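All remarks here apply to the structure that follows.
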Amino acid sequence: MDTLRSALAAYRNGKFLRGAKLRSYDIFYKYIIGDLIEINGQLMETSAHWPRPRSHLPGVWHEEPAFSTFLENVETGMSVVDLGAGSGWFTLNACDRVRPGGSVTAFEADPDRVQSLKRNIQRNGYENARIVQTRLDEDTPVADHCDDIDFAIVDIEGHELGAIRGLPGLRQRSKPMQILCEVHPKELHGDSQQTLYSLLEENGFNIFYGEMGGSFGQNRDEVADNIHQIFARRHNTTDQTYD
C-alpha cells in the first residue's frame with residue numbers, strides 16, 4: 001500500500017520516485033494497469049518493452065506526430081515492413097490498416113521482444129504478419145527477406161542507413177514508396193546523416209523532417225544533429241508532385 005501511495009503521489013505531482021529512473025506515469029501504469037494495455041484498439045503487453053509506450057497518455061508520447069503520419073498513409077493492400085518492431089506497436093496497427101490483402105513483416109533482434117511481439121500478434125488475431133528475428137545492418141539487407149514493399153518503418157538506433165540501403169525497390173524510381181525513419185546522427189555507423197538524406201534524394205524521394213514529438217516540415221536545419229524523424233515519400237515518375 002505504501003508503494004501504491006508513492007506511485008500515485010509521483011504520478012499526481014509529476015515527479016520521479018526516489019531512486020527510480022522511470023517517468024511517474026510509467027510507475028503509475030505498472031502498479032495500476034499492469035503489463036497488458038489497449039491502445040488504439042490494439043491489445044498489447046509491454047513487459048519486454050520498458051518504459052511503457054507513451055501513447056496511452058496524449059501529449060507525452062514522443063512518436064505521436066510520426067504515428068499520425070503513419071496512420072494517414074498506410075492503406076489497404078500495402079506491403080509494410082517494420083524494422084525494429086519491438087513489442088509491435090506499429091506492427092499491430094499496420095496489420096489492421098492493410099487488411100484485406102496487405103501484409104506486414106516485422107524485424108526484431110531482441111529475443112524477449114520477439115516473444116512479446118508474437119503474443120501481441122496472436123492475441124489480436126492477426127494472420128497477415130510475419131516475424132523475422134535478425135539484426136539489420138549492411139550485411140543483412142531487408143531484400144533478403146522481402147521481395148517488395150510499399151511502406152517501411154525504421155527505428156534501429158544507428159543502423160538506419162544500412163537498412164534503408166537494403167530495402168527492395170529503393171532504386172526503382174518508378175515505384176511509389178514511403179519511409180518513416182527515426183534518425184540517430186551520433187550513432188550512424190561510419191556515415192553521416194547527410195549520406196542518408198542524399199541516398200533518398202538521389203532515388204527520387206521527397207523528405208520531410210521533424211523533431212521528436214514535433215510535426216514534419218521541409219526545414220532540415222531545424223533538426224540539425226539531434227535525434228529526429230523523417231518521412232520520405234516517392235510517387236511514381238508520372239506524378240512527381242508532393243504536398
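Indicate, rounded to the nearest 5 percent, the antiparallel portion of the DSSP beta bridges found entirely in the range 148-236.
Just about 80 percent of them are antiparallel.
If you plug the beta carbon distance of N40 and E157 into 1/(1 + (r/R0)^6) with R0 = 30 Å, you get a FRET efficiency near 0.80. Summarising the label geometry, the points placed 7 Å from Cα in the beta-carbon direction at I227 and S68 lie 2.1 nm from one another.
With the highest mean first, a sort of the peptides 131-140, 79-88, 212-221, 94-103 on other beta-carbon atoms found within 10 angstrom per residue produces 79-88, 94-103, 131-140, 212-221. Once both labels are positioned 7 Å from their Cα atoms along Cα-to-Cβ, the gap between S215 and R130 label points is 3.8 nm. The alpha-carbon atoms of the range 86-243, seen along their principal axes, cover 42, 37, 31 angstrom, with the largest extent given first. All alpha carbon pair distances within the range 84-171 were sorted into 5 Å bins beginning at 0; the resulting P(r) in whole percents reads 3, 15, 27, 25, 20, 9, 2, 0. Assuming R0 = 35 Å, can you tell me the calculated FRET efficiency for the pair A109 and R173, based on Cβ-Cβ distance, to the nearest 0.05? Approximately 0.70, to the nearest 0.05.
Read-outs throughout are calculated quantities, based only on the coordinates presented, and are distinct from any laboratory measurement. Not measured: the values here are computed from a predicted model. Cβ atoms come from the backbone with ideal geometry, glycine included; neighbour counts cover every protein chain shown.
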